[in-house]
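Trainee: First the structure, then my questions, so here it is.
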Amino acid sequence: MVNARSLRALDWLNFFVANVQTGFGPFIASYLASHKWTQGEIGLALSVGTISAMVSQVPGGAAVDALRNKKGAAAWAIIAIILSAVLLAASPTVLPVMAAEVFHGFASCMLVPAMAAISFALVGRADLGDRLGRNARWASIGSAVAAGLMGLFGEYFSARAVFWLTAVLAAPALIALSMITMPDQQQPVAHTPAKKERDDEEKESIFELQRDKRLLIFAACVVLFHLSNAAMLNLAAGEVTAGMGDNVQLVIAACIIVPQAIVAMLSPWVGRTAQRWGRRPVLLLGFSALPVRAVLFAGGSSPYLLVPVQMLDGISAAVFGVMLPLIAADVAGGKGRYNLTIGLFGLAAGIGATLSTAVAGFIADRFGNAVSFFGLAGAGALAVLLVWAAMPETREADGGRKQEEPAPSSSSSSDDARLKRAK
């Protein structure tokens, strides 16, 4: 039986990890812009982080597959993120900022697959869609809470205080992680369904995995998604900082809080719907919000229009956050390469994000922000077209669960049932 405390601790782990990661987004762009960094320089700094993550995604995923101690991998990643926040807070000069971006990039490539592996181990493949929806809900709530706190700290103390707060918020994440008991750590030792699935899997080589058409096409979709999405809010945040003197940190915080509230509401529905309808319809919904959002950013002149436009980001984030690890489970099912597949998709995300921040910043410096936003809209439209025209359905005919098992009636039904059994 899965320990009830472990399921609750996983909720809180997602909450506090999201707290920590929130500081490494638009707040960096605003922080550096306030210290006279240009959009091109900010884009270069952000690209350093995505390049380091890109380089380490595949070995990071393979390492998590190979390591028995998934919790240990997550713990070391959180500690590295603390170091990154401290470096940013210490000095907004080139060397500390670049070093912080490198540490954060390497740490994130371990943390994402490690947390996915912990979720898989606790609930098994059949309930993974519901669990991922629940993970995304708690993560979005954590991001919204952290964005509010960081906005207040940035507004009433300093932009530097955001990163000190980020380091402090990592401590409860480590505490929540320590409260999770993995199935193979429980006594007496027994083969839980999730553990039995892992034991029965024969690992496939990376070269065999890369011949899977589903993996290659979805990886291309991920590249285009991040090419469109990664630079969008950072570019808008830099524009707001340059043109708005007061309340800028609060506006940026609101730009994070609003979409995270939507993610919290939509993510469980995304997980359930992907189990019932399949992956492609849900992907089309989330990807279609990208070009619309970019065009609205290009046409909007008021900083306060950023917040309602960011509602579209909540739709995209809810879909992408649930679907990436879920499609990874579809592709890697029975091959023992779940975390490696997440790493490959993470590599695709890194390629797209690196190009996005660097190219968008370059175009914005030379041709203006509006042209840059229209370029991001074009990349988003290509992503939608690729999903519609080429992406195959990856869901199994039975939705990934045994025929005799009824589908859950709510996003938390699987976990709630497990909590009751554990009691």
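The values are calculated or read from the model by the stated rules, or taken from the named source; none is laboratory data. No experiment lies behind these values; they were computed from the predicted model shown. With ideal geometry, Cβ positions are generated from the backbone for all residues, glycine too; neighbour counts draw on all protein chains shown.
Trainee: Which of the numbered conditions does Thr93 fail, given that it passes all the others? Conditions: (1) modelled with pLDDT under 85; (2) in contact with a Ser or Thr (Cβ under 7 Å, 6 or more places away or on another chain); (3) surrounded by fewer than 24 Cβ atoms within 10 Å (Cβ to Cβ).
Mentor: (2)
Trainee: If a residue counts only when it is modelled with pLDDT of 80 or more and more than 20 Å from Ala219 (Cβ to Cβ), which helices (runs of 4 or more DSSP H) contained entirely in segment 309-423 have at least 3 such residues?
Mentor: Because the criterion is at least 3 residues that are modelled with pLDDT of 80 or more and more than 20 Å from Ala219 (Cβ to Cβ), the helices (runs of 4 or more DSSP H) in segment 309-423 that meet it are 311-332, 338-367, 369-390.
Trainee: Being modelled with pLDDT of 80 or more, out of contact with any Cys (no Cβ under 8 Å at 6 or more places or on another chain), surrounded by fewer than 24 Cβ atoms within 10 Å (Cβ to Cβ) and in a helix (DSSP H, G or I) is the requirement here; does Ala73 meet it?
Mentor: Working: modelled with pLDDT of 80 or more: yes; out of contact with any Cys (no Cβ under 8 Å at 6 or more places or on another chain): yes; surrounded by fewer than 24 Cβ atoms within 10 Å (Cβ to Cβ): yes; in a helix (DSSP H, G or I): yes.
Here the answer is yes, as Ala73 does meet what is asked.
Trainee: Test Val145 against the stated conditions and say whether it is within 25 Å of Phe16 (Cα to Cα), of a type in the set (Val, Ile, Thr) and either at pLDDT below 65 or surrounded by 15 or more Cβ atoms within 10 Å (Cβ to Cβ) (or both).
Mentor: On the way: within 25 Å of Phe16 (Cα to Cα): yes; of a type in the set (Val, Ile, Thr): yes; either at pLDDT below 65 or surrounded by 15 or more Cβ atoms within 10 Å (Cβ to Cβ) (or both): yes.
Judged against the criteria, Val145 is a match.
Trainee: Do any helices (runs of 4 or more DSSP H) lying entirely in segment 177-233 carry at least 2 residues that are within 26 Å of the chain's Cα centre (by Cα), over 24 Å from Ala18 (Cα atoms) and modelled with pLDDT under 85, and which ones are they?
Mentor: So the answer is 193-200, 206-209.
Trainee: Now for a separate question. Taking only pairs six or more apart or across chains, which ones have beta-carbon atoms under 6 Å, a first residue in segment 262-291 that is closer than 16 Å to Phe218 by Cβ, and a second residue that is outside any helix (DSSP H, G or I) and among the aliphatic types (A, V, I, L, M)?
Mentor: Within 6 Å, the pairs are Arg280/Met391.
Trainee: Test each condition in (1) out of contact with any Ser or Thr (no Cβ under 7 Å at 6 or more places or on another chain); (2) farther than 25 Å from Ala73 by Cα; (3) charged (D, E, K, R) for Asp365 and report the one that comes out false.
Mentor: With (1) out of contact with any Ser or Thr (no Cβ under 7 Å at 6 or more places or on another chain); (2) farther than 25 Å from Ala73 by Cα; (3) charged (D, E, K, R) applied to Asp365, the lone miss is (1).
Trainee: If you scan segment 66-99, which residues turn out to be under 19 Å from the mean Cα position of the chain (by Cα) and touching a residue at least 40 places away in the same chain (Cβ under 8 Å)?
Mentor: Lys70, Lys71, Ala73, Ala74, Ala75, Ile78, Ile79, Ile81, Ile82, Ser84, Ala85
Trainee: Among the residues of segment 325-345, which ones are surrounded by fewer than 24 Cβ atoms within 10 Å (Cβ to Cβ) and not charged (D, E, K, R)?
Mentor: Selection gives Ala329, Val331, Gly333, Gly334, Gly336.
Trainee: Inside segment 87-113, can you point out the residues that are aromatic (Phe, Trp, Tyr) and within 15 Å of Ile28 (Cα to Cα)? Reasoning before the result, please.
Mentor: Our first condition is that a residue be aromatic (Phe, Trp, Tyr); within segment 87-113, this holds for 103, 106.
The one that is aromatic (Phe, Trp, Tyr) and within 15 Å of Ile28 (Cα to Cα): Phe103.
Trainee: If you check Ala45 against the conditions, is it assigned to a helix (DSSP H, G or I) and either under 21 Å from Ser143 (Cα atoms) or modelled with pLDDT under 80 (or both)?
Mentor: no
Trainee: To continue, here is another question. Say we look at segment 234-262 and pick out the residues that are assigned to a helix (DSSP H, G or I), farther than 18 Å from Gly23 by Cα and not acidic (Asp, Glu); which of these is modelled with the lowest pLDDT? Spell out the reasoning first.
Mentor: Keep residues of segment 234-262 that are assigned to a helix (DSSP H, G or I), which gives 234-243, 248-262.
Keeping just the survivors that are farther than 18 Å from Gly23 by Cα gives 239, 242-243, 262.
Filter once more, keeping what is not acidic (Asp, Glu): 242-243, 262.
Working: Ala242: 60, Gly243: 56, Ile262: 89.
Filtering segment 234-262 for residues that are assigned to a helix (DSSP H, G or I), farther than 18 Å from Gly23 by Cα and not acidic (Asp, Glu), the one modelled with the lowest pLDDT comes out as Gly243.
Trainee: Could you look through segment 1-42, keep only residues that are farther than 30 Å from Gly368 by Cα and outside any helix (DSSP H, G or I), and pick out the one that is farthest from the chain's Cα centre (by Cα)?
Mentor: Met1
Trainee: Among (1) crowded, with 21+ Cβ neighbours inside 10 Å; (2) outside any helix (DSSP H, G or I); (3) of a type outside the set (A, V, I, L, M, F, W, C), there is one condition Gly105 misses while meeting the rest; what is its number?
Mentor: Just one mismatch for Gly105, condition (2).
Trainee: Specify the residue that is farthest from Ala230 (Cα to Cα); the eligible residues are those in segment 270-300 that are more than 19 Å from the chain's Cα centre (by Cα) and of a type in the set (A, V, I, L, M, F, W, C).
Mentor: Trp277
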